[in-house]
1. So which helices (runs of 4 or more DSSP H) are wholly in region 347-442 and hold at least 2 residues that are surrounded by 21 or more Cβ atoms within 10 Å (Cβ to Cβ) and touching a Phe, Trp or Tyr at 6+ places or on another chain (Cβ under 7 Å)?
2. Considering only residues that are among the basic types (Lys, Arg) and closer than 19 Å to Lys470 by Cα, look in region 18-41 and name the one that is nearest to the chain's Cα centre (by Cα).
3. Looking at Lys395, Lys369, which one is more than 11 Å from the chain's Cα centre (by Cα), closer than 26 Å to Phe232 by Cα and of a type in the set (Lys, Arg)?
4. Report yes if some residue within region 308-318 is open to solvent by 30 Å² or more (accessible area, probe 1.4 Å), over 20 Å from the mean Cα position of the chain (by Cα) and closer than 19 Å to Gly152 by Cβ; otherwise report no.
5. Which of the following residues is farther than 30 Å from Thr379 by Cβ, among the polar types (S, T, N, Q) and surrounded by 14 or more Cβ atoms within 10 Å (Cβ to Cβ): Ser16, Ser35?
6. Only residues that are of a type outside the set (D, E, K, R) and open to solvent by 10 Å² or more (accessible area, probe 1.4 Å): list them for region 122-139, please.
7. Looking only at region 42-56, count every residue that is under 23 Å from the mean Cα position of the chain (by Cα) and open to solvent by less than 50 Å² (accessible area, probe 1.4 Å) and tell me the total.
8. Is it the case that region 38-48 has a residue that's free of Cβ contacts under 8 Å to residues at least 24 places away in the same chain and more than 15 Å from Ala481 (Cα to Cα)?
Amino acid sequence: MTQPTPDMEKMRQLSSAFERNRALCGEVLDDVVRSTYLYALRLAATKTLRTRTGDTLTLLDELSAYRQWLGERMAEIASEGWSLHGDEAASGPGTRAWQGVWHRPKLLDFYPTLAKKLRDTLLQIMSHHPSLDPASIEDALAHKTLALALGGGGGTGFVHQALFQLLETHHIRPSLMTGTSMGALMGFFRAMQVDYDAAMSVLHMPGWLTLTRYISPCIGNTRHGLPSFCRFHFSRMLESIVPHFGWTNVPRFSELKIPFASITSGILRDHDVIETIAPKHAGIFSSIFNMTNLTWKAACSHATQIAHALTTTHSVIEVPMGFDALTRDLNASDGIAFSALVPGVINYEIPASHVQSRKIIDNVFERDKLYRCVDGGLTSNVPVRALRREIDTLKHGHTNVHIIGIDVFAPQLNDGVFYPLEQIANANADIDAYYADAFVRLKHLLSPMNLSPSLKQFKWLNHHFEMEFKNELEIIKYVMAPLRPITKLNIDLFIEEN
């Protein structure tokens, strides 16, 4: 990901910290004052702005002095500086987010100065860009949307269903999503529906007996996935599920109701690590015909060896599927399956009938010079960076988006055989956390091995998730509440002072 310029990134952090503080502090600001502050901060965090006439304006250099001024003034009236708090989330449960403290009296004292500066800055940029008017500024800044990065972790990922249900209860719909591994599967279920039906989603999850019908020994050559203990016929499973959601066939990414992408990891073709991991494949085939002796411990140990070899040699890259022009028409079942290929344990090969998907993946392999695909958790287990890149393209509208990363695979010392894999995922999750407005690492989760939860377990998940996510929900509601029309603030954008 291209590193943001320091002043732009600082303004994003400042805006996130201020919104979090105002949502949770219990102090009430007049709506005009609240809206003025949020317009000012969101403008400072804006790199590009699209007008109603269709022009895309780059404001990076034009707003440089304004960003510096606002950053200095907001630091002066803060009770303390803003920074990335919640450091416990780097190694376990908790929320990692940009936080600061601003008290109401100082905000009210500074408000007249801020309002005048905002007015002068808006008049200045409108004079430079004739197509820019107050309505276009309002379109870009008055309404914030929600984007979700859904983490992987086997059965722990079922908590995403609780997230969707809670948001739906409050009439909040994500505008954009990414997902890795189980997060990709859960995100896919959400993206198929405009209005989320929690009961339908839960009731049609396959049980253990159903799952076994889609698993077979991995025999023969592999084309896109690594040789593994077993082959998961993922597309067949989804083909049996999607009719319950009103779909005749598994949709392409471009057909989903909510824009969505799954994340896989690609092994670079010309990397020396291929020779390192090849001998590990040889031991797989001696176990293929004796799968009854395959234990979670053995599987995780094997996956960890391969994952460690790939990540320590930097031989894997993040490959989002579903956003770009090349992969947006990919059958979603194929993209999601590639996101969940636990290295050396689960293999997936595109069915011969998916002619278009095979062509698309072959083109991805050629474009990125890939050898094979493995689990997205090796490069981006909570894919916030992919979300931010997509938002910056402006394909989905403005960049005024609140991004939340949901990590369900943070290392917890009692996780036994999964702990080494969690540590690998945690390393890249820490990078993604930096680009999120909030990065939530959950504690009350099902086991990664629990791939067929009972209704009682789902109820338990929902209850504990609501408790853990209480503050984040209040912040989401605060940032998504629309601001007053910009022409209704105590600033005049049409008459300059003499």
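The values are calculated or read from the model by the stated rules, or taken from the named source; none is laboratory data. All of these numbers come straight from a predicted model, not from anything done at the bench. Cβ atoms come from the backbone with ideal geometry, glycine included; neighbour counts cover every protein chain shown. Areas reflect the complete protein model, heavy atoms only, side chains present, ligands, DNA and RNA absent. Shrake-Rupley method; radii C 1.70, N 1.55, O 1.52, S 1.80 Å.
1. Numbers: elements: 355-368, 377-380, 384-392, 419-434.
Result: 384-392, 419-434.
2. Arg20
3. On the way: Lys395 fails: closer than 26 Å to Phe232 by Cα.
Lys369 is the lone residue from the list that is more than 11 Å from the chain's Cα centre (by Cα), closer than 26 Å to Phe232 by Cα and of a type in the set (Lys, Arg).
4. To start, the set of residues in region 308-318 that are open to solvent by 30 Å² or more (accessible area, probe 1.4 Å) comprises 308, 311-314, 317-318.
From what's left, over 20 Å from the mean Cα position of the chain (by Cα): 308, 311-314.
Going one step further and asking which of them are closer than 19 Å to Gly152 by Cβ, we end up with 308, 311.
Within region 308-318, one or more residues are open to solvent by 30 Å² or more (accessible area, probe 1.4 Å), over 20 Å from the mean Cα position of the chain (by Cα) and closer than 19 Å to Gly152 by Cβ.
5. Ser35
6. Just the residues of region 122-139 that are of a type outside the set (D, E, K, R), to begin with: 122-132, 134-137.
Within region 122-139, Leu123, Gln124, Met126, Ser127, His128, His129, Pro130, Ser131, Pro134, Ala135 meet the criteria.
7. Start the filter on region 42-56 by keeping residues that are under 23 Å from the mean Cα position of the chain (by Cα), which leaves 42, 45-49.
The next check asks that each one be open to solvent by less than 50 Å² (accessible area, probe 1.4 Å); those that pass are 42, 45-46, 48-49.
Number satisfying all stated conditions: 5.
8. First, pick out the residues of region 38-48 that are free of Cβ contacts under 8 Å to residues at least 24 places away in the same chain: none.
No, region 38-48 contains no residue that is free of Cβ contacts under 8 Å to residues at least 24 places away in the same chain and more than 15 Å from Ala481 (Cα to Cα).
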